[in-house]
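> Below you'll find the structure I mean.
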Amino acid sequence: MYHQIRIREEDKQAQRFLFREIPADAPQVDVATFGSACSSSSAQFMKNLNADQYAEEFPEAAAAIKERHYVDDYYDTVDTVEEAIRRANEVKFIHSKGGFNIRNWVSNSKKVLDAMGERSVKTSVHFNQEKSAFYERVLGIVWEPDQDVFCFAVASKPEFRNVLVGERRPTKRIVLSVVMAQFGPVGFLGPITILGKILVQDLWRTGCEWDEMIDELAFQRWLRWINILGDAKHFKLPRCYFGNARWDEIEEIQLQIFADASDKAYGCVAYFRAIFRGEVVVALVMSRSKVAPLKMLSIPRLELESCVLAARMSQAIHDNHSFPISKTFF
């Protein structure tokens with residue numbers, strides 16, 4: 001994406017990225033580089049500027065380019081296959097006019113893939129894969145397009161394999177590495193990940209050193225937790241909140257948030273409640289959880305902390321959903 005951005009003549013010497021199309025040619029300095037701090041914002045500016053030039057002709061596609069892109073990735077959802085094909089082709093056309101070749105389309109519809117010229121294969125999308133990272137997260141979100149569900153893939157670094165199967169007792173450093181290697185920004189597995197965070201906090205309380213093996217009591221808790229973690233691969237959640245329902249068939253979407261606390265942790269979880277063809281349907285939205293501070297607090301105070309967390313989560317949900325939410329209940 002960055003290499004499609006041309007650099008102004010007066011700024012080329014600040015880039016120092018040399019290349020040539022033909023070996024006999026003189027080196028050139030023409031395009032944005034990965035190492036420059038400004039490249040990302042420049043690329044986003046050019047992407048949006050190119051979209052603005054076609055906003056009158058293709059208003060929905062231009063809005064999608066500006067609002068539903070994450071760097072060079074595009075995520076979108078529509079009600080019908082026909083609308084999806086039209087939107088995707090318009091987005092592809094607008095990008096091509098700016099020199100951006102968007103490809104590798106993935107969809108839960110075979111018709112959409114055929115229309116975009118993609119192979120109709122069962123392709124799983126791993127959201128935790130980082131192009132610039134040389135490591136693998138222990139637990140990551142996966143989208144299975146053929147079933148149209150989110151699930152979780154459990155992997156492991158080679159050096160962690162023994163401790164993740166319980167053959168060797170981990171150190172505090174390894175426990176922290178494994179606990180923090182869970183990729184779940186929406187909090188689908190909050191009840192599982194919070195147990196690992198509580199274990200890390202208890203290790204701090206005992207004064208365990210970074211490279212010291214954890215004691216027997218902590219090791220038994222560790223074994224229970226990695227067994228629970230392994231069961232996460234069986235968890236599946238529909239990508240669509242309300243199944244195959246069209247938005248014009250949904251009535252009165254409510255946001256309902258539950259918050260609570262204990263002496264170990266506090267958290268909150270949000271659900272959408274809607275009426276679809278006379279039936280009540282409920283969908284998990286997201287959750288948040290935190291360990292209680294090392295400094296002892298009363299349960300009422302921790303419950304207030306969970307209320308603050310719930311209020312902030314509510315604001316984030318309202319800000320990041322385009323459909324109207326009629327009421328919010330806490």
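> Taking the Cα atoms of the chain, what is the range of coordinates along each of the three principal axes, in descending order and whole Å?
Here the Cα extents, ordered largest to smallest, are 66, 61, 39 Å.
> Another question about this same structure. Out of the trypsin sites (Lys or Arg not before Pro) in the stretch 195-247, which ones are loop residues according to DSSP with at most 16 other C-beta atoms within 10 Å? Could you put the intermediate results ahead of the total?
Values: sites: 197, 205, 221, 224, 233, 236, 239, 246; in loops: 239, 246.
Loop-located and lightly packed - 239, 246.
> Here's something else I'd like to know. Using a Gaussian network model of the chain whose springs link C-alpha atoms within less than 10 Å, name the residue from 125, 71, 175 with the highest mean-square fluctuation.
Looking only at 125, 71, 175, the biggest GNM fluctuation is shown by 71.
> Under a crude label model (7 Å from the Cα following the beta-carbon direction), how far is residue 45 from residue 205 in nanometres?
5.2 nm
> Working from the alpha-carbon coordinates of the stretch 148-249, get Rg over Rh, Rh being the Kirkwood radius. Don't skip to the answer; put the middle values down first.
Details: Rg = 16.7 Å, Rh = 15.1 Å.
Answer for the stretch 148-249: 1.10.
> Within 10 Å, Cβ to Cβ, of residue 31, how many net charges do the neighbouring residues add up to if Lys/Arg are +1 and Asp/Glu are -1? Working shown, then result.
On the way: positive: 6, 12; negative: 30.
Combined, the nearby Lys, Arg, Asp and Glu give +1.
> Over the chain, with a Gaussian network built from C-alpha contacts below 10 Å, which listed residue (22, 317, 85) shows the highest mean-square fluctuation?
Result: 22 has the largest fluctuation of those listed.
> Kindly provide the GluC sites (Glu not before Pro) of the stretch 134-214 that DSSP labels as loop, not H, G, I, E or B, and whose Cβ sees at most 12 other Cβ atoms within 10 Å. If you can, show how the numbers build up before the last one.
Values: sites: 136, 159, 167, 209, 212; in loops: 136, 167, 209, 212.
Filter output for the stretch 134-214: 167, 209.
> Additional query: Using a simple charge model, +1 on the beta-carbon of Lys and Arg, -1 on the beta-carbon of Asp and Glu, nothing else, what dipole does the stretch 1-129 show about its Cα centre, in debye to the nearest 20? Could the numbers behind the result be given before it?
On the way: 17 positive and 20 negative charges, 90 e Å.
Approximately 440 debye in magnitude.
> Report the Stokes-Einstein translational diffusion coefficient (µm² s⁻¹, integer) for the stretch 182-330, Rh taken as the Kirkwood radius over Cα pairs, at 4 °C with viscosity 1.567 mPa s. Display every interim value, and only then the final one.
Working: Rh = 17.5 Å.
Stokes-Einstein gives a translational diffusion coefficient of 74 µm²/s.
> For the stretch 36-111, what mean projected area does the convex hull of the alpha carbons give, in nm²? Before the final figure, lay out the partial values.
Details: hull surface 21.0 nm².
Projected over every direction and averaged, the Cα hull of the stretch 36-111 covers 5.2 nm².
Coordinate-derived values only; no laboratory data. Worth saying up front: this structure is predicted, and the values here are computed from it rather than measured. Cβ: placed from backbone, ideal geometry, glycine included. Neighbour counts: every protein chain shown.
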